[in-house]
Amino acid sequence: MGSTSTKIKLRTSDQKVFEVEKAVAVQSQTIKYIYENGCPDSVIHVHSVSGDILSKILDYCKKHVNSAAGKEDISPEELYEWDANFVKVDQNTLFDLILAANCLKIESLLDLTCQTVANMIKGKRPEEIRTTFNIKNDYTIEAEEAVRRENKWAFDMLGGVGTMVIEELADDTMSKCVTNTKSRVCVIAANQIVMMRSISKLANKKSIDVYKQPQNPTTPRIKESVKQRNVGTGFIELFFHFKCKM
Amino acid sequence: MQRPRFELPEALVMEILSKLPVKSLTRFNCVCKYWCSSFQTPHFISNNYHNNLENNNLNLLLSRCDGNTFQRYFSQLSNEKDQNYIVKQNIHLPFFRNDLPYVYGACHGLLCLLDPLKDKAAIWNPSTREFKILPPSSIQRPPYFSPFEETYLTLDDVDFDHAAFGFDSKTDDYKVIRFVTLTFVNSEEQYPHPHFMYQVELYSLRSNSWQEIPCPDYKPTGTTLGNNYVDGICYWKTETGAYLDFRGLILSFDMGNEKFSILPIPEFVGSFPEYFVNLLVFNGSLGAIVYPTEGIDTSFDLWVTSEGVWTKQFNIKSISGVVRPLGFGKNGDLFLRDTNDEVLLFDASTQELKELQINTYLDHFRFTISLHAYLESLVRINGIQENIEKHVIRQPARDASNEY
């Protein structure tokens with residue numbers, strides 16, 4: 001009896017009320033502070049958190065409290081698995097969880113959610129990152145090229161050394177992929193590997209035109225033989241237009 | 001990924017970014033100018049390093065010597081245990097061509113390469129690929145007057161056999177300390193008898209220069225396995241006494257107050273000639289790995305110090321064959337070298353010994369394989385990029401897997 005079964009009431013931004021055990025609620029340093037310094041009987045307002053998000057967060061807190069207190073027989077590996085499943089949500093929910101974990105000061109949840117987003121973005125290209133975080137590119141074209149050149153080793157990516165993957169292919173479509181390596185191209189269509197060729201061999205095929213994206217987008221596209229270009233010196237985009245029999 | 005419904009506040013975006021690997025952050029320098037400058041702030045660098053420390057994002061470098069060319073090169077091992085730690089890439093150092101530098105560190109993800117025979121040293125961040133060549137020291141070598149021969153002797157050789165690399169938290173400075181052995185001879189003699197003198201030099205990254213500091217009574221006689229710096233202090237093995245009276249000691253140097261000290265190695269830990277005692281850094285403390293000098297099976301004791309008290313952490317029971325330790329990887333896995341210079345791994349979780357698929361070239365000099373672990377870090381050393389003047393050349397290993 002006593003403090004272990006004390007309940008705390010929480011009201012969310014959308015006027016939902018949750019009644020939770022104190023031990024679970026005080027996982028949030030914010031709630032803990034308010035509870036210990038305010039009136040314990042009244043309801044604590046969590047203005048910036050919606051009912052859905054708070055519900056999820058309370059699930060997390062409950063799981064971790066029970067596991068730590070030994071109420072639930074769960075090994076560290078199983079808890080790790082549970083956490084991994086907990087963050088399998090859409091991007092908007094994940095961002096909501098991050099904001100809420102920050103506002104409620106639940107350090108382990110903040111770490112977990114931030115690490116999840118970090119893992120999702122670590123292999124991305126800069127353009128995709130700008131979309132994810134709604135960032136305006138304030139570099140001039142020349143300045144951005146200079147930064148890319150300076151850090152070109154970090155752009156060796158996408159399938160690793162030697163393989164390049166082209167996505168979303170169908171008959172007669174333009175498809176693009178990004179590479180700065182010199183070796184093979186792996187063409188995937190309808191989830192099947194259609195062909196794997198070295199870039200120089202692709203250039204010799206009649207049905208494939210390879211275009212190099214020029215540095216300055218205002219100049220017309222240059223068609224050139226891939227064999228001649230000094231692949232591996234920079235960040236390039238290859239546009240493929242070809243017929244593919246399925 | 002989709003465009004979000006709202007933007008996360010900048011502080012939270014930075015929180016997420018600080019958990020990224022260095023390669024991703026380097027690529028994201030071109031996202032926008034604000035990100036590029038943020039990644040260079042001490043606050044961000046420190047958060048990122050702290051995250052790497054918490055997650056133990058350890059990278060392993062095997063330093064070895066090509067048996068055909070006698071060149072030192074590094075093999076970066078994969079981090080994945082289930083990949084059997086295969087070699088991902090080989091790193092060559094043209095700057096040290098024809099030299100065999102020793103490797104000191106890592107400290108905050110930085111390594112120091114120091115040539116024992118010439119005044120040639122560099123600091124390297126393998127994560128950011130920054131490489132900084134240290135200036136030569138302009139310290140005067142003292143004259144040596146031999147009263148017996150009643151003449152000044154000639155300086156015949158200058159060696160830099162022992163060193164250390166670490167961090168002074170008081171001045172926020174990275175420092176290199178090295179012991180200089182000066183060999184003097186009487187050049188008029190046909191078979192001259194060498195006389196030795198010692199100096200100690202200290203390099204500071206902030207001032208980018210060397211200065212001389214007073215030499216301690218004890219000089220280092222042995223190196224450590226891998227890193228010899230931890231928590232503000234550098235360590236070397238030293239000794240006193242003759243064969244039967246032999247006592248192993250530890251010489252330490254505090255990077256902050258620049259003072260030397262001597263620590264004893266207790267008898268119960270083990271001592272030469274029955275046992276080899278190799279110092280190393282284990283889990284953030286100074287430790288020693290002790291193993292018998294003789295016998296067909298080798299068992300290892302790991303001792304760790306904490307505030308001067310030595311405790312035995314664990315024992316690895318006899319591993320068949322004569323093996324020598326190289327150092328620990330992640331999760332207490334112990335890397336070993338056998339008499340054929342093959343690299344073996346003792347898996348702490350399964351208690352099994354296995355041979356790694358690491359092709360050891362003919363390693364001509366038996367004791368030149370060493371293992372170095374470093375944490376990913378963004379720490380800047382005001383060096384230059386590796387490939388700009390070809391100070392470092394990286395080649396993927398032949399059988400490297402296609403992973404990000």
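For the range B:198-290, the list of trypsin sites (Lys or Arg not before Pro) that fall in a loop by DSSP and count at most 15 other C-beta atoms within 10 angstrom reads B:206.
Beyond 22 Å in Cα-Cα separation lie the following of the pairs B:219/B:312; A:105/B:170; B:118/B:330; A:122/B:88; B:132/B:219: B:219/B:312; A:105/B:170; B:118/B:330; B:132/B:219. To the nearest ten degrees, helix B:42-54 and the longest principal axis of the Cα atoms of chain B are 80 degrees apart. Computed over chain B with a Gaussian network model linking Cα atoms closer than 10 Å, the most mobile of B:124, B:303, B:35 is B:35. Classify the range B:41-118 as rounded, prolate or oblate from the Cα gyration tensor: take a ≥ b ≥ c as the square roots of its eigenvalues, call it rounded if a/c is under 1.5, otherwise prolate when a/b beats b/c and oblate if not. Since a/c reaches 1.5 but b/c is at least a/b, the shape of the range B:41-118 is classed as oblate. Counting Cβ atoms of other protein chains within 10 Å of each residue's Cβ and taking the mean over peptide A:127-133 gives 6. Of A:8, B:319, the sequence from fewest to most neighbouring Cβ atoms within 10 angstrom is B:319, A:8.
Loop-located GluC sites (Glu not before Pro) in the range B:188-267 (DSSP state not H, G, I, E or B) with no more than 10 neighbouring Cβ atoms inside 10 Å: B:188, B:189.
Largest mean-square fluctuation among B:358, B:16, B:86, in a Gaussian network model of chain B whose springs join Cα atoms under 10 Å apart, belongs to B:16.
Counting, for every residue in A:138-148, the Cβ atoms of other protein chains within 10 Å of its Cβ and taking the mean gives 3. From the Cα gyration tensor of the range B:271-384, with a ≥ b ≥ c the square roots of its eigenvalues, which class applies: rounded if a/c is under 1.5, or else prolate if a/b is larger than b/c, or else oblate? Here the range B:271-384 falls in the oblate category.
Per-residue mean of foreign Cβ neighbours for A:103-112 is 1 (Cβ atoms of other chains, 10 Å radius). Extending 7 Å from Cα along the Cβ direction at residue B:262 and again at residue B:151 yields two label points whose distance is 3.6 nm.
Can you tell me the relative contact order of chain B? Whole percent, Cα pairs under 8 Å, sequence separation 6 or more. About 19 percent, as a whole number.
In terms of its C-alpha gyration tensor, the range A:1-108 has an oblate overall shape, because the principal axis ratio a/c (a ≥ b ≥ c, square roots of the eigenvalues) is not below 1.5 and a/b does not outweigh b/c. Between B:138, B:275, B:349, the Cα set farthest toward the positive side of the dipole of the range B:56-385 (charges on each charged residue's Cβ, about the Cα centre) is that of B:349.
Just so you know, all these numbers are worked out from the coordinates, no wet-lab data involved. If you're wondering where the values come from, they're calculated on a predicted model, not measured in any experiment. Reconstructed Cβ throughout: ideal geometry from the backbone, glycine too, with neighbour counts over all protein chains shown.
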